[in-house]
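Contents: one structure, followed by commentary.
Just so it is clear, none of the values below were taken in a lab; they were calculated from the coordinates. These figures come from a predicted structure and were not determined experimentally. Cβ placement follows ideal geometry from the backbone for every residue including glycine, while neighbour counts extend to all protein chains displayed.
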Amino acid sequence: SEHHVIAMDGPAASGKSSVAGAIADRFGWVFVNTGNMYRAATLAALRAEVDVNDKAAVIAAVDEAEVGVAVVGGRSVVTLKGEAVEDELKDQSINLAVSHVAAVPEVREKLVAMQRDLLQEHSLVMEGRDIGTVVFPETPWKFYIDASEEVRASRRGLQGQADAVSERDRLDSTRKVAPLKAAADAVVIDSTELSLEQVVEEVLAILGARG
Ligand code: C5P
C-alpha cells in the first residue's frame, strides 16, 4: 500500500490516545482509536443483554449489531448499524465488560480486518493494545506508551474511571489471543514524568531520526 501506519500501543490511561491524536494532526493522517471498536462491540453485547462470558452469545450479538468504522474529520468514528455511538462508549458498564468481549478471538478477527482495511484509503496513527504485534506487525513505526500505575489511575480518575483500569490491564495482558505487550521492535516511552507535549516531541524526534 502507498499508505503508512504508526502503531501506538500501551495500557489503559497511558496517554496514548492524546499522543496518537496529536501526531495524526501533525501529519494530516487519520487517528484510529481501536479501543472504541472493542467498546462498541461490548455495547452491542450489553444491549442484547448477553452474558459477556458466553462467547457464542457475544459473537452472535456482535454480528447482529453490525459494528462499523467510518472516518470523519480525520478521526475514526464507530457505528452500530450505521449509527455513531461514540458518546456511550465511556460508560462504566463498558469499562467493566470490555476486556471479556475483547478476549473473544472471533470478535478480534472481525475488528482487526476492519482496522487493516482502513489502510487501503488512509495513512493512519492507530492506537490500541495489539497494533504493533498483530494488526500491523510489518510497520517500521511502533511505539509503546507506558506510565506508572499511580499516574494512569489518576489520569483516568479525572475521567471517573479509576476503579476498572488495573483489572482491565490484568485481563488484557494475560489473555491468550493478542495480549497487551510491546512489540520486540517498538520504541517504549515511559510517560510517567512527561507532559503530553513532551511525549509528542519525543515521538516526532524518533520518527524524524528514522526518516
Ligand atoms: O483503549 P481503551 O482503554 O478504550 O480500550 C478498551 C479495551 O478494549 C481494552 O481494555 C482492551 O480490552 C480492548 N482493546 C483491545 N485491543 C485493542 C484496543 C482495545 O483488546 N487494540
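The table below lists the values:
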| read-out | value |
| --- | --- |
| R0 of 41 Å, Cβ-Cβ distance residue 185-residue 57: FRET efficiency to nearest 0.05 | 0.60 |
| Alpha carbon convex hull of the stretch 103-194, volume per residue in cubic angstrom | 125 Å³ |
| Computed Kirkwood radius, in angstrom, where 1/r is averaged over Cα pairs of the chain | 17.2 Å |
| Residue-span extension gain [residue 192 to residue 77] - 0.36 nm each, minus C-alpha spacing | 38.5 nm |
| DSSP bridge orientation in the chain - percent antiparallel, rounded to nearest 5 | 30 percent |
| Efficiency of FRET between residue 48 and residue 70 - r from beta-carbon atoms, R0 22 angstrom, step 0.05 | 0.45 |
| Order of 27, 143, 136 - criterion: other Cβ atoms within 10 Å of each residue's Cβ, fewest first | 27, 136, 143 |
| Extended-chain gain in nm, criterion 0.36 nm per residue less alpha-carbon gap, residue 201 and residue 120 | 26.4 nm |
| Sequence-separation-based contact order of the stretch 86-211, relative, with Cα cut under 8 Å and 6+ spacing, percent | 30 percent |
| Computed over the stretch 58-155, Kirkwood Rh from alpha-carbon pairs, angstrom | 15.4 Å |
